[in-house]
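Take a look at the structure set out below.
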Amino acid sequence: MQRLARLLLAGALATGSLLTTAGAADAVEPFRLGGQVTDRVGALDGHEQEVTAALDGLRTDTGVQLWVVYVDTFDGQDGRAWADATAQASGLGQDDVLLAVATQDRAYGYSVDDGFRLDAGQVDEVARDTETELASDDWPGAVVAGARSIEDELTPSHTIWWVVGALAVLGGLVIVAVSLVHRHRTRPEAVGPTPEFAGRPTAELRTLADTLLVQADDAVRSAGQELEFAVAEFGPDRTGGFATVLGRAREALQQAFAARQSLDDEVPETETDRRRVLAEVIEACRTTGTTLDEAAHAVDELRDLVRRAPGVLDGIEARLLGLRAGVEPSRALLSRLRTEFGETAVASVADAVGQARDRIGTAETSCAAARSALGDPTRSGEVVDAVRTAEAAAAQAEQLLAGVSRTEADLRRAVVEVPVATARLRAAASAGVAGSEAVPAGGFAAAAAAAQAVADQAGTTAGTDPLGTLHRLVEAERVLDAARDRAEEAVEARRSARAALDQALVAARAEVAAADDFIGARRGAVGSSARTHLGEARRHLEQAVALAGQDPAAALEHARQADALAERASASARADVSSWQTQQTSRTGSGDDLGAVLGGILWGAGTSSSRRRSGWSGGGFGGGFGGSTHRSSPRPSSSRRSSGGGGRRGSGGRF
């Protein structure tokens, strides 16, 4: 009877621990978190909606889940070590961040996975932002600040971009992007000045930047005057590109001045910051000068064309004589091709001769207009326009007449190639895919049938449209090759999946059996999370076995899921048992009787009131808040800077 009384007392203590909500504050060892936010000291009371919104926004925008725990004290550990141990006990993953705060110790710690996307400096920045709010006892504000800081670090806005354009020869636009660094929270960027300036004193960079600013300003002013002269000589339409480039150059110069001024304002900069901004100013000034030089070169070419106009016109008129002589032979050739192959075969050049005759007329008219304007300084713009029009029209006439001759050559070559392409396509369509009998082959079969149809049709269309026929044969072969590649990939994937499935099933069965044995022998302490993972693992294993014969790829995926879920079930169950044993030992001492309670053999085994619920936390709001009473032994951590063991790292301190 005394022995039974002791067992019942142990069970009652276990039940009581499950039903305890946030109570009086005392030294808190690291423990498994039951929800995303655990508040044991009431620090977040009345601010639940604000905190939840910040955490949900961070997860939606970045995929990162920030876990938060407020306790009274870290049980003698520093915040980093306590946070790392709690994160490990809670099974937090790569995209999970833990913020732990001890209000009485006035200490805190962040814990992140070694593979987390922020580097050590960025995690320290998040910690600094959080510490600012903690120092003023703004407990919910610290959570919000931490969430916002993490999002800022993952989606930085440290750089503003502005663009300067350059007018290239004959009206083309060359865009040059110049980046000026905008300081964010006065924190230096990770990237320093360009290699060109490495080793040069900061004072020298400042002198160079100031000199180039003056030169760039003078260049922009001179360009403004040059634009006025060019507009008067050639008109606003012909110089519009120069005006646009000048406007962008002025904007770029203003940005450079603003960046330089930022070094003289009241906000202090680091040495790295100053050197970087100076380097950017130097590059911006150089780009401004280059841009204006290219635009000025375009104006110079306008003036040079007027000077060279007589010789240019002589060359164009000589070309036009030859083009006039080639019109009739091209017309006769087009007529023969139309008779031999039909209208479809020559559709692309059907109007080429007529179009060439029109272009020749346009070029002749423009040459005459240019000659009439020569010698009159007030008509320089007309000379430029007429010469350019004549050059373009003559070039198009040459292209149109050459197209007729090229079409004849292409048709003759296609007549020879069609039989070869037809035979190759038939052979490819007849060849199957090795091993495809075990996979759906509808895609390849359809492509092969379509290819055979194209090959059959080629015999009737090759004489009247050899180019179109050759194109259809080539396209059908491309589609057939793509279908063959997909079918071969499916065969190989099935072969590979079948080879891997046997090993995956062995591993999954073993992992499921191990988890089932562990939970079954310790069901008095294992909660719903581990049992849920194990149930899903069994389901996936059954699916893997059922699909093994007909779909090994899908079976392999189910087997892998079963293995992973069973492993999670085991890990969760071990954490539950560890926490249960720590609690029972601290309350009732050690003894053989606890094993029977752990196994669910004694004290109400099998009833809902006696089962340990993994991760349960009483009280709270939003499904994620509450004061968990679990405890597990803390993981050792010897340094605030170290990873904390188990692949964790972070930051923290006092406030």
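The values are calculated or read from the model by the stated rules, or taken from the named source; none is laboratory data. This one's a predicted model, so the numbers in the text were calculated from it and none came from an experiment. Here the Cβ positions follow ideal geometry from the backbone for every residue, glycine too, while neighbour counts run over all protein chains shown.
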request  = Kindly establish whether residue 153 is in a helix (DSSP H, G or I), modelled with pLDDT of 90 or more and not β-branched (Val, Ile, Thr).
outcome  = no
Scanning the stretch 371-393 for residues that are touching a helix residue (DSSP H, G or I) at 6+ places or on another chain (Cβ under 7 Å) and aliphatic (A, V, I, L, M) gives 373, 374, 383, 384, 386, 387, 390, 393
Would the stretch 69-80 turn up any residue that is surrounded by fewer than 24 Cβ atoms within 10 Å (Cβ to Cβ), under 16 Å from residue 648 (Cβ atoms) and either among the aliphatic types (A, V, I, L, M) or without any contact (Cβ under 8 Å) to a residue 40 or more places away in the chain (or both)? no
Quick count over the stretch 515-553, residues being assigned to a helix (DSSP H, G or I), of a type in the set (A, V, I, L, M) and in contact (Cβ under 8 Å) with a residue 40 or more places away in the chain, is 7
Among the residues of the stretch 363-378, the number that are assigned to a helix (DSSP H, G or I) and of a type in the set (Asp, Glu) is 1
Given the condition modelled with pLDDT under 90, closer than 21 Å to residue 343 by Cβ, among the small types (Gly, Ala, Ser) and surrounded by 15 or more Cβ atoms within 10 Å (Cβ to Cβ), answer yes or no: does some residue in the stretch 443-454 qualify? no
Log entry, pairs with first residue in the stretch 343-357 being closer than 13 Å to residue 333 by Cβ, second being of a type in the set (Val, Ile, Thr), beta carbons closer than 6 Å, six or more apart or on different chains, reads 349/404; 349/407; 352/404
Considering residues that are over 26 Å from residue 385 (Cα atoms) and either in contact with a Pro (Cβ under 6 Å, 6 or more places away or on another chain) or part of a helix (DSSP H, G or I) (or both), the number found within the stretch 328-362 is 20
If we keep only residues of the stretch 255-281 that are under 17 Å from residue 203 (Cα atoms) and of a type in the set (A, V, I, L, M, F, W, C), then the residue surrounded by the most Cβ atoms within 10 Å (Cβ to Cβ) is 281
Only unsatisfied item for residue 463, checking (1) without any contact (Cβ under 8 Å) to a residue 60 or more places away in the chain; (2) over 48 Å from the mean Cα position of the chain (by Cα); (3) not in a helix (DSSP H, G or I), is (1)
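Kindly evaluate residue 483 against the criterion of being surrounded by fewer than 16 Cβ atoms within 10 Å (Cβ to Cβ) and within 36 Å of the chain's Cα centre (by Cα).
On the way: surrounded by fewer than 16 Cβ atoms within 10 Å (Cβ to Cβ): no; within 36 Å of the chain's Cα centre (by Cα): yes.
So residue 483 does not fit the description; no.
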Note: among 527, 549, just one is more than 18 Å from residue 510 (Cβ to Cβ) and in contact with an Asp or Glu (Cβ under 8 Å, 6 or more places away or on another chain), namely 527
Note: among 252, 284, just one is surrounded by 15 or more Cβ atoms within 10 Å (Cβ to Cβ), of a type in the set (Gly, Ala, Ser) and under 17 Å from residue 208 (Cβ atoms), namely 284
If we ask which residues in the stretch 277-294 are of a type in the set (A, V, I, L, M, F, W, C) and within 14 Å of residue 251 (Cβ to Cβ), their number turns out to be 3
If you go through 409, 394, 370, 414, the only one that is within 17 Å of residue 337 (Cβ to Cβ) and crowded, with 17+ Cβ neighbours inside 10 Å is 414
Filtering the stretch 518-544 down to residues that are of a type in the set (Val, Ile, Thr) and buried (at least 16 other Cβ atoms within 10 Å of the Cβ) yields 519, 526
